[in-house]
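Below is one structure, written out as structure tokens, with a few remarks after it.
The values are calculated or read from the model by the stated rules, or taken from the named source; none is laboratory data. If you're wondering where the values come from, they're calculated on a predicted model, not measured in any experiment. Here the Cβ is made from the backbone with ideal geometry for all residues, glycine too, and neighbour counts use every protein chain on show.
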Amino acid sequence: MQNKMTWEEMKKTYPDEWLLIVDCEHDASGHLISGVVARHSKDDQEVFRLPSLNKSCAFKYTGECQFPGGLRAHAEHNHF
């Protein structure tokens, strides 16, 4: 497994990719501070695929949101 990285390091190392992050640390507001990248890919389905890990994790995208109005607006409009 790789070393722990900050969110800024992840964005620079894996630009415009989906990440599966384990051993996460979050700030008081719930924003990701650091973690270990377990999987990464430009294809979100590669990162979300099974088998899943038996530990808590986070999924993050390092690029700019591609949905009009942001991801939250997209999710609300599409009833996820």
- Message: So in the stretch 10-44, with the set limited to residues that are touching a residue at least 40 places away in the same chain (Cβ under 8 Å) and among the aliphatic types (A, V, I, L, M), which one is nearest to Lys60 (Cα to Cα)?
- Response: Leu19
- Count, please, the residues in the stretch 1-35 that happen to be among the acidic types (Asp, Glu), exposed (fewer than 12 other Cβ atoms within 10 Å of the Cβ) and assigned to a loop (DSSP other than H, G, I, E, B). 2
- So which residues in the stretch 36-47 are surrounded by 16 or more Cβ atoms within 10 Å (Cβ to Cβ) and within 10 Å of the chain's Cα centre (by Cα), if there are any at all? Val37, Arg39, His40, Val47
- Message: Return the residues of the stretch 1-31 that are of a type in the set (Val, Ile, Thr) and at pLDDT 95 or above; say none if nothing qualifies.
- Response: Thr6, Thr13
